[in-house]
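The values are calculated or read from the model by the stated rules, or taken from the named source; none is laboratory data. All values reported here derive from a predicted model rather than from experimental measurement. Note: ideal-geometry Cβ built from the backbone for every residue, glycine included; neighbour counts use all protein chains shown.
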4 protein chains.
Amino acid sequence: MQARTPVTVLGATGLVGQRFVARLARHPWFELARLAASPGNAGRTYAEACRWRAGGEEHSGLGLRRLVNCTPEEAGAPIVFSALDAAVAREVEPAFARAGMAVFSNASAFRLEPDVPLLVPEVNGDHLALLARQRRERGWGGALVCNPNCTTAVLVTALAPLHAAFGVEAVACTSMQAASGAGLDGVSALELSGNVLPHIAGEEEKLARETARILGPLEGAAGDERVAALDLPLSAACHRVPVLDGHTLSVSVKLRGAPVPEAVREVLASFEGLAGRGLPTAPERPVRVHLAPDRPQPRLDADADGGMPVHVGRVRACPVLGIRFVVLGHNLERGAAGGSVLNAELFLSR
Amino acid sequence: MQARTPVTVLGATGLVGQRFVARLARHPWFELARLAASPGNAGRTYAEACRWRAGGEEHSGLGLRRLVNCTPEEAGAPIVFSALDAAVAREVEPAFARAGMAVFSNASAFRLEPDVPLLVPEVNGDHLALLARQRRERGWGGALVCNPNCTTAVLVTALAPLHAAFGVEAVACTSMQAASGAGLDGVSALELSGNVLPHIAGEEEKLARETARILGPLEGAAGDERVAALDLPLSAACHRVPVLDGHTLSVSVKLRGAPVPEAVREVLASFEGLAGRGLPTAPERPVRVHLAPDRPQPRLDADADGGMPVHVGRVRACPVLGIRFVVLGHNLERGAAGGSVLNAELFLSR
Amino acid sequence: MQARTPVTVLGATGLVGQRFVARLARHPWFELARLAASPGNAGRTYAEACRWRAGGEEHSGLGLRRLVNCTPEEAGAPIVFSALDAAVAREVEPAFARAGMAVFSNASAFRLEPDVPLLVPEVNGDHLALLARQRRERGWGGALVCNPNCTTAVLVTALAPLHAAFGVEAVACTSMQAASGAGLDGVSALELSGNVLPHIAGEEEKLARETARILGPLEGAAGDERVAALDLPLSAACHRVPVLDGHTLSVSVKLRGAPVPEAVREVLASFEGLAGRGLPTAPERPVRVHLAPDRPQPRLDADADGGMPVHVGRVRACPVLGIRFVVLGHNLERGAAGGSVLNAELFLSR
Amino acid sequence: MQARTPVTVLGATGLVGQRFVARLARHPWFELARLAASPGNAGRTYAEACRWRAGGEEHSGLGLRRLVNCTPEEAGAPIVFSALDAAVAREVEPAFARAGMAVFSNASAFRLEPDVPLLVPEVNGDHLALLARQRRERGWGGALVCNPNCTTAVLVTALAPLHAAFGVEAVACTSMQAASGAGLDGVSALELSGNVLPHIAGEEEKLARETARILGPLEGAAGDERVAALDLPLSAACHRVPVLDGHTLSVSVKLRGAPVPEAVREVLASFEGLAGRGLPTAPERPVRVHLAPDRPQPRLDADADGGMPVHVGRVRACPVLGIRFVVLGHNLERGAAGGSVLNAELFLSR
């Protein structure tokens, strides 16, 4: 039995940070060595600083652990997971990469930098090739790998096998997003109860740009690769709805060759992703295809298999773009902590 | 001062029936003469038979009124409003029309019959011309006029001015519908709380068919008109969300000439509908255009002006179909009782 | 027709401040002269600074009004309503009273000062007599009158007629309080959705202390009165539940003489309060007694008559204390803005 | 390794039936041999007849199992769990007991019969002694054992150790009950959303009667025992609140000797129940005492340890009865299926 790799969680007290902690506290490859938080919380115990909302045992049994500052000196580890806010991440994450550590970040700060892999692990693992350029140009001994916005992660996991099989030519989608996507105190009960909020700042732009980037092919010579972002018309409208966990997207998609719904269902259901490669966080089936007309539902389906699969239902003909379906995924797992941990597993396995 | 016209409400105990009662109990043109219900409730008082959920005074002060059966003998009046279920309506409504009464129905039973006006009052009042054929072919002394499904009513009120100004060529939409659209006990708390239900039986089909019919032009010689349903590709996905009142639709629309968002906003905001014609239920502005990015919201906007306007927000460019916006309307008012009462007012005013 | 008295609202942007504005924008006695807010918002328009959540017309039509600072110089008026936080109120309110203005405050800062009337208008209007001492001892030209905590206001309005008729000897109660009691962003959707929060900081203590004070008799010579707080054992447990507006309390009460439920119902239903005295905000019946076993309900009953009455239901025998009932009232109206405005009307009418 | 005992679930399609199935599909002592349902569902597969809402694998992997009728002939097994409605249970359960089977019933039909043990397993296991009389007087070869109403089960689990240590002299309580207590379609979303329903038919009476029975001592000679129901003044008010699972009760209790809160906490925390006796469903600690002032909360705590413990928080002095606390338990597990399965384990272990 091999020694487990020490890892750190930056921003351990927020909703995504908690999910990282819950996953890593019992991970077969990783040993959760450090919990880091903002200066105001450093020195306090995890239980004092963190309202635990990630289920399972409170604070995953680490409630007495002392929080450290988000610096390589205090929080250094070979693998670092970041659940920091974008503004803080922009300052802090490079310091860890410069110090030789591999940073897996859920923050939006560096997602669209040309030398940073923006990764959905089952979809574009080959984008890790950008790290050669990243090391060379930035002079980092370590690495920085990002996962996308939570809504993007859910959408792309369903689009990727369709893009591989047919080619995606246009997408129109409408999201119904969970409260937990906005963080612990991100939406007040008074605003969201019995309501639909028809706007989430920056979300639609992220969804379009990140999807085009993730589905884009790698180009250029070995060691000098670039991602050519897909030229994909993508129309999005993002809504917050009174749901706790799980983003639902209603999607219309134009596929090359105009396949019938049955063909689309088959491609989705047979998408293997990283299953069978021994990565502990990889779901057996990254896309679960539902046939019951009233599924998927966030409250019934988001938590299945640790929140790692996305759930596709109601695949049918769309009179405007060709194919219509609904896709649901767990915003904090597939869309954040779980995706990032799987990114690290993929990184280590290569 | 003129005498008010006696009217009846068929199906007065359900959610839509209650809204009819609340509107008609104080209507300047109509006198609420009869409340009719299913045989099981006939003979009971309105208060005994009806859990009042329409706001204002309980049972609009009519709690002691005795319910009668849904027959022309017991419930006859010059104007009859029907909130019956489709199966019952199919039997009952023709009896009233045959007996010389004008029936304004919220039921789906006859909506697509070629000689029945399917009316959104501000949109296709000219379809009342079908009544000539209806009288002739069915031999009815009265008339039957339908209003559309609640979701259709909301969508069409926003599409109609755009169709008139530009021509609508394709529509892709996603609805987030309120619990009250399913009736008093239509959705259990256990199913809907914190959840999104991604299917409403028959709703998407109704939305496509009824929209094409309502926007279709009247053709043929006077007294022999037909509606030529629009040949409109319309893709719909309908969801139930934890909202009490107010259906929200996110809409992408392809308009002839590809107008810019500003032009679309102007057309919507300047749509006059029936304002200024003295109809008591006509809203001053049938379409309210919101500029705040986080509006409309069902809990804040659905009830404005008696629930009669629809609210359009976030009008913007759509990279797939050209224009994208969100539209919200009150499913029980614009989408049911209010629309039907306004249909009757329009009918009487001609 | 008499000129209306100019009034100010301090803290006009919060939930209670908005309710003050909505009531005062169309008040027959008062003219809303000034809207005051925190220094950060002074100078902005009301529409810019305030997310309007009080219903009716947005910002009651005062969206373009400029906000001023909470100083007597900028915000002075003969009558001043305060919706400030306690800490700010402690500094700000005396300045207005010193400057000769009559302050009606919803803040908790001065509620228990011996020379400050803590008033539920229908219950202990005679406590206004404390103002003589207040003026004398503080040297204020104006006055400061407080209304109680929202939960206290609801409970006391029901207890007061029972105390007058029988004498209240002990109370055990459990509250189920609405989200709006915590302010605009006071409770996050993630915490409250589908949940019960079994603690509201300081609420139970306020409920006990303020109830004892309000029900306490006035003692001492004219011009030198004191309130002798009731020696009342009151056990309270306060919960936050997923309700928007309206606090519900389940109450067990021990009454002198152990009256039967029917006698209790009669006393409550015949409580006249200030009805008939021409005060514009006084409800016709301060206590509405419901006989239906499933009433009152916050969503159906809290808004009745502007939220001013409290609703009592399920009056029955309690095997432990004698009488049990449930009471519901609107926390922002009876429990805050409406109560405070009625206090001012009562003050002016004497 | 011993063979597992075959068991049946009667009423397997409802919410409680599903919880039985989920527990029994992987039980170390029991083999789930038969799923029985109403005549309308007999012959259908479990997946066809049952909307699965019990979490985990859909239908616990038994979706293809054919449902049988609720007769000893079709559904017979040594151990039978009943999730039937009271009216059906009254007819059906005796047939199984007469046929020699041991029936563990969640139905209310026989709970108060003098020869039927009404059992909370950790509390009054000795009441199983009533079975001697039951067999003798009814001539049954089998047995019938009931568990109480869900609210009673939660309350009694907290009261029992206090009664043992001090003696309970009076109880006043207020419940805030979850939607799932009313069954799959028991409460409509339109009624419960953002609301408190202040009445649950029959619940308060059950709570008083069943609590007095369960806490009552066994009297009489061996083989001829009776339960002497406690003479306990118990005042209850039961409310439905917008929560999915988990009933919360705010409790005031009068204990002999007036112990201080710290003593009450110690007694509750040290209550061992059946832990250590090798019963698979027995929780390690039947009562979990929380010290954080904002706990327990139904969404955070109800599911812990399979929903079998009850959670007590905010133990404090009550100025009216002496001690006040809040108790939470899972209505479908501690309050129904889990309690009943533990009853059967206790029965078999003796």
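Name every residue in segment B:279-295 that is within 26 Å of A:Met176 (Cα to Cα) and within 19 Å of the chain's Cα centre (by Cα), in order of residue number.
At the first step, the residues of segment B:279-295 found to be within 26 Å of A:Met176 (Cα to Cα) are B:287-295.
Within segment B:279-295, B:Val287, B:Arg288 meet the criteria.
Quick one: in segment B:180-212, which of the residues that are in contact with a Leu (Cβ under 7 Å, 6 or more places away or on another chain) and on the phi > 0 side of the Ramachandran plot is surrounded by the most Cβ atoms within 10 Å (Cβ to Cβ)?
B:Gly194
Restrict the check to segment A:245-258 and report whether at least one residue is without any contact (Cβ under 8 Å) to a residue 60 or more places away in the chain and either among the aromatic types (Phe, Trp, Tyr) or within 12 Å of chain B (Cβ to nearest Cβ) (or both).
Going through segment A:245-258, the residues without any contact (Cβ under 8 Å) to a residue 60 or more places away in the chain turn out to be none.
Looking for residues that are without any contact (Cβ under 8 Å) to a residue 60 or more places away in the chain and either among the aromatic types (Phe, Trp, Tyr) or within 12 Å of chain B (Cβ to nearest Cβ) (or both), one finds none in segment A:245-258, hence no.
Can you confirm whether B:Glu48 is away from every other protein chain (no Cβ under 14 Å) and either more than 20 Å from B:Ser349 (Cα to Cα) or assigned to a loop (DSSP other than H, G, I, E, B) (or both)?
The answer is no for B:Glu48.
For residues that are in contact with a helix residue (DSSP H, G or I) (Cβ under 9 Å, 6 or more places away or on another chain) and aliphatic (A, V, I, L, M), scanning just segment D:216-236, find the one that is farthest from C:Arg324 (Cα to Cα).
Only one residue tops the list, namely D:Ala222.
Show the residue pairs that are 6+ apart or on different chains and have beta-carbon atoms under 6 Å apart, the first residue being within segment D:322-350 and under 17 Å from D:Thr8 (Cβ atoms), the second being β-branched (Val, Ile, Thr).
The qualifying pairs are D:Ala336/D:Val16; D:Ala337/D:Val16; D:Val341/D:Thr281; D:Asn343/D:Val145; D:Ala344/D:Ile79; D:Glu345/D:Thr281.
Yes/no per residue for (1) surrounded by fewer than 19 Cβ atoms within 10 Å (Cβ to Cβ); (2) more than 21 Å from the chain's Cα centre (by Cα):
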site: A:Ile214; (1), (2): no, no
site: A:Glu219; (1), (2): yes, yes
site: A:Ser235; (1), (2): no, no
site: A:Arg240; (1), (2): no, no
site: A:Ser252; (1), (2): no, yes
site: A:Arg277; (1), (2): yes, no
site: A:Gln297; (1), (2): no, no
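With B:Ala189, B:Ala160, B:Ala165 as the choices, which residue is more than 19 Å from A:Val326 (Cα to Cα), free of Cβ contacts under 8 Å to residues at least 40 places away in the same chain and outside the structural domain of B:Arg98 (by TED's automatic domain parsing)?
B:Ala189
Look through segment D:314-348, keep the residues that are among the charged types (D, E, K, R) and in contact with a helix residue (DSSP H, G or I) (Cβ under 8 Å, 6 or more places away or on another chain), and return whichever of them is farthest from C:Ala208 (Cα to Cα).
D:Glu333
Specify the residue that is farthest from the other protein chains (Cβ to nearest Cβ); the eligible residues are those in segment C:164-188 that are in contact with a helix residue (DSSP H, G or I) (Cβ under 7 Å, 6 or more places away or on another chain) and in a helix (DSSP H, G or I).
Filtering first and then ranking leaves C:Ala165.
Can you name every residue in segment B:91-106 that is touching a strand residue (DSSP E or B) at 6+ places or on another chain (Cβ under 6 Å) and of a type in the set (A, V, I, L, M)?
The answer is B:Ala97, B:Met101, B:Ala102, B:Val103.
When only residues in segment A:121-152 that are out of contact with any Lys or Arg (no Cβ under 9 Å at 6 or more places or on another chain) and either assigned by TED's automatic domain parsing to the domain that holds A:Ser235 or hydrophobic (A, V, I, L, M, F, W, C) (or both) count, which is surrounded by the fewest Cβ atoms within 10 Å (Cβ to Cβ)?
Going through the qualifying residues, I end up with A:Ala132.
Sort out which residues of segment B:27-47 are surrounded by 14 or more Cβ atoms within 10 Å (Cβ to Cβ) and either small (Gly, Ala, Ser) or under 18 Å from C:Ala292 (Cα atoms) (or both), and write them in order of number.
Of everything in segment B:27-47, those that are surrounded by 14 or more Cβ atoms within 10 Å (Cβ to Cβ) and either small (Gly, Ala, Ser) or under 18 Å from C:Ala292 (Cα atoms) (or both) turn out to be B:Ala33, B:Ala36, B:Ala37, B:Ser38, B:Ala42, B:Arg44, B:Thr45, B:Tyr46, B:Ala47.
Tell me, which strands (runs of 3 or more DSSP E) lie completely within segment C:267-350 with 3 or more residues that are within 14 Å of another protein chain (Cβ to nearest Cβ) and closer than 20 Å to D:Cys238 by Cα? Before the answer, list the steps.
Values: elements: C:287-289, C:310-318, C:322-329.
Qualifying strands (runs of 3 or more DSSP E): C:310-318, C:322-329.
With the checklist (1) under 28 Å from B:Phe325 (Cβ atoms); (2) touching a Lys or Arg at 6+ places or on another chain (Cβ under 9 Å) in hand, flag the one item A:Pro319 doesn't pass.
(2)
Quick one: B:Gly307 ticks every box in (1) in contact with a strand residue (DSSP E or B) (Cβ under 8 Å, 6 or more places away or on another chain); (2) touching a residue at least 24 places away in the same chain (Cβ under 8 Å); (3) at negative phi except a single one, so which number is it?
Just one mismatch for B:Gly307, condition (3).
Within segment B:222-244, does at least one residue satisfy the condition of being at the interface with chain A (Cβ under 9 Å from one of its Cβ atoms), assigned to a loop (DSSP other than H, G, I, E, B) and small (Gly, Ala, Ser)?
No, segment B:222-244 has no match at all.
So which of D:Glu210, D:Glu191, D:Glu204 is in a helix (DSSP H, G or I), at pLDDT 95 or above and closer than 19 Å to D:Leu15 by Cβ?
On the way: D:Glu210 fails: closer than 19 Å to D:Leu15 by Cβ; D:Glu204 fails: closer than 19 Å to D:Leu15 by Cβ.
After applying the criteria, what remains is D:Glu191.
Please go through segment C:305-324 and give me each residue that is touching a Ser or Thr at 6+ places or on another chain (Cβ under 6 Å) and either over 20 Å from D:Ala170 (Cβ atoms) or not β-branched (Val, Ile, Thr) (or both), ordered by number.
Answer for segment C:305-324, where residues must be touching a Ser or Thr at 6+ places or on another chain (Cβ under 6 Å) and either over 20 Å from D:Ala170 (Cβ atoms) or not β-branched (Val, Ile, Thr) (or both): C:Val310, C:Cys318, C:Pro319, C:Leu321, C:Arg324.
Given segment A:78-139, what helices (runs of 4 or more DSSP H) lie entirely inside it while holding 1 or more residues that are over 25 Å from A:Pro217 (Cα atoms) and without any contact (Cβ under 8 Å) to a residue 12 or more places away in the chain?
Filter on segment A:78-139 gives A:86-98.
Condition check ((1) in contact (Cβ under 8 Å) with a residue 24 or more places away in the chain; (2) assigned to a strand (DSSP E or B); (3) among the polar types (S, T, N, Q)) across all residues:
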site	(1), (2), (3)
C:Gln2	no, no, yes
C:Phe20	yes, no, no
C:His27	yes, no, no
C:Glu31	yes, yes, no
C:Gly40	no, no, no
C:Gly63	no, no, no
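Within segment B:153-171, identify whether any single residue is farther than 27 Å from B:Ala12 by Cβ, of a type in the set (D, E, K, R) and either over 19 Å from the mean Cα position of the chain (by Cα) or surrounded by fewer than 24 Cβ atoms within 10 Å (Cβ to Cβ) (or both), and answer yes or no.
Within segment B:153-171 (the criterion being farther than 27 Å from B:Ala12 by Cβ, of a type in the set (D, E, K, R) and either over 19 Å from the mean Cα position of the chain (by Cα) or surrounded by fewer than 24 Cβ atoms within 10 Å (Cβ to Cβ) (or both)), the answer is yes, since at least one residue qualifies.
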